[in-house]
Amino acid sequence: MSEVISIAVDGGEMDIYLDRPAGGAPWPAIVLTYHREGIDDFTKWVARRHAETGYLVAVPEVAHRIPASVLPKERKQHLKDPEIVADIAATVAHLKTRPDVMADRLAIAGHCMGGHILFVAACALPDFACAVACYPTGMFESWGGGAAPFDQLARLNFPVIGFFGNEDHNPSPQDADRIDAELTRLRIEHVYHRYPGAAHGFQRPTKDEPAIRAAQADSWQKTFAFLAEKLAVSARAAG
């Protein structure tokens, strides 16, 4: 079941796209950070997959300060990290007030530029038990001032699982290696999975080459197993 709600942030209003399981509340919750296209069909599909597996999913519209006339693909250049942190913090605060959410079982997940958003928020907020990063971009750049996500990784205090395509250019395999090495140096629990023959956006269900289908199946299975372990719930419908 999906719906759009609105919460107050910094004197304004921010929409949150919510999807949740059919029954069995309260549930663990996932803050889902979106890719460059925003809250589109793919983002809603990802939210549905998680909801069908037993999680309430909240997708904050972090572009709410940007005029609606700006196209989704052009909004990235207007986003600012301090405002992103405020938006994710407000989303978490809302989730913790909901009777249908297990307030101590929160995760954060994201695709593409959502990886930048994910790590900026994860490094600033103590509320999450784990993170799922799918081909995160923007790890070495700052949006609106301050340190890049890569340079804040020492502030992470929970495990991370990541998924990367070996044919991707952003993030490239070298980018993935660099992030992997830094997390290892910092002794932050993490596991990274690499997929041959997979380029950027390989989790999109519209991509059906054999290597990509294999990457999709494996990455989703590992995602739900990781979440089940870190959030201590059974992985229903993990296939």
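Straight-line reach from LYS96: which lysines have a Cα under 30 Å away, not including same-chain ones fewer than 8 places off?
In chain and number order, the partners are LYS44, LYS76, LYS80, LYS222, LYS230.
Taking the chain as a Gaussian network, where each spring joins two C-alpha atoms under 10 Å apart, which residue of ALA176, ALA109, ALA214 fluctuates the most?
ALA214
Normalised by the residues of the stretch 1-153, what does the relative contact order come to in percent, with Cα pairs under 8 Å and at least six apart?
Over the stretch 1-153, the number comes to 24 percent.
State the three equivalent ellipsoid semi-axes of the stretch 11-68, derived from the C-alpha gyration tensor as the square roots of 5 times its eigenvalues, in descending order and whole Å.
Largest first, the stretch 11-68 gives 23, 13, 7 Å.
Can you list residues whose amide H is under 5 Å from HIS190's amide H, if they're 5+ apart or on another chain and H is modeled 1.01 Å from N?
When sequence neighbours closer than 5 places are left aside, the close amide H contacts are VAL160.
Rg (Å, one decimal) plus Dmax (Å, integer) for the alpha carbons of the stretch 104-148?
Taking only Cα atoms of the stretch 104-148, I get Rg and Dmax of 10.5, 31 Å.
For the stretch 121-239, rounded, prolate or oblate, judged on the Cα gyration tensor with a ≥ b ≥ c (square roots of eigenvalues), a/c < 1.5 rounded, else prolate if a/b > b/c?
oblate
Antiparallel DSSP bridges in the stretch 1-132: what percent, to the nearest 5? Before the final figure, lay out each step's value.
Numbers: 12 of 24 bridges.
If we restrict to bridges inside the stretch 1-132, about 50 percent are antiparallel.
How large is the convex hull of the Cα atoms of the stretch 175-218 per residue, expressed in Å³ as a whole number?
Output value, Cα hull per residue: 75 Å³.
Take the alpha-carbon centre of the stretch 88-117, take the same for the stretch 51-81, and report the distance between them in whole Å.
Taking the Cα centre of the stretch 51-81 as reference, the centre of the stretch 88-117 is 13 Å away.
What shape does the chain have by the C-alpha gyration tensor, where a ≥ b ≥ c are the square roots of the eigenvalues, rounded means a/c under 1.5, and otherwise prolate means a/b greater than b/c and oblate the rest?
rounded
Let a ≥ b ≥ c be the square roots of the eigenvalues of the Cα gyration tensor of the stretch 129-173; is it rounded (a/c under 1.5), or, if not, prolate (a/b larger than b/c) or oblate?
Oblate, because a/c is 1.5 or more while a/b does not exceed b/c.
Not counting ligands, DNA or RNA, and with a 1.4 Å probe, what is VAL132's accessible surface area in Å² rounded to the nearest 10?
Probe radius 1.4 Å; accessible area of VAL132 about 10 Å².
Taking the DSSP beta bridges in the chain as the whole, what percent of them are antiparallel, to the nearest 5? Walk me through the intermediate numbers first.
Numbers: 12 of 36 bridges.
Restricted to the chain, the bridges split so that about 35 percent are antiparallel.
Between ARG65 and VAL4, what is the label-to-label distance in nm when each label sits 7 Å out along the Cα-to-Cβ direction?
Inter-label distance under the simple model: 2.1 nm.
Farthest toward the dipole's positive end in the chain, which of HIS111, ALA214, SER2, given Cβ charges of +1 (Lys, Arg) and -1 (Asp, Glu) about the Cα centre?
Checking the options against the dipole of the chain, the answer is ALA214.
Among LEU95, GLY12, ALA47, flag the residue with its Cα farthest along the positive direction of the charge dipole of the stretch 1-126, charges on Cβ as +1 for Lys/Arg and -1 for Asp/Glu.
Sorting the options by dipole projection puts first ALA47.
The values are calculated or read from the model by the stated rules, or taken from the named source; none is laboratory data. Quantities reported herein were computed from a predicted structural model and do not represent experimental measurements. With ideal geometry, Cβ positions are generated from the backbone for all residues, glycine too; neighbour counts draw on all protein chains shown. All accessible areas refer to the heavy atoms of the entire protein, side chains included, with ligands and DNA or RNA removed. Shrake-Rupley method; radii C 1.70, N 1.55, O 1.52, S 1.80 Å.
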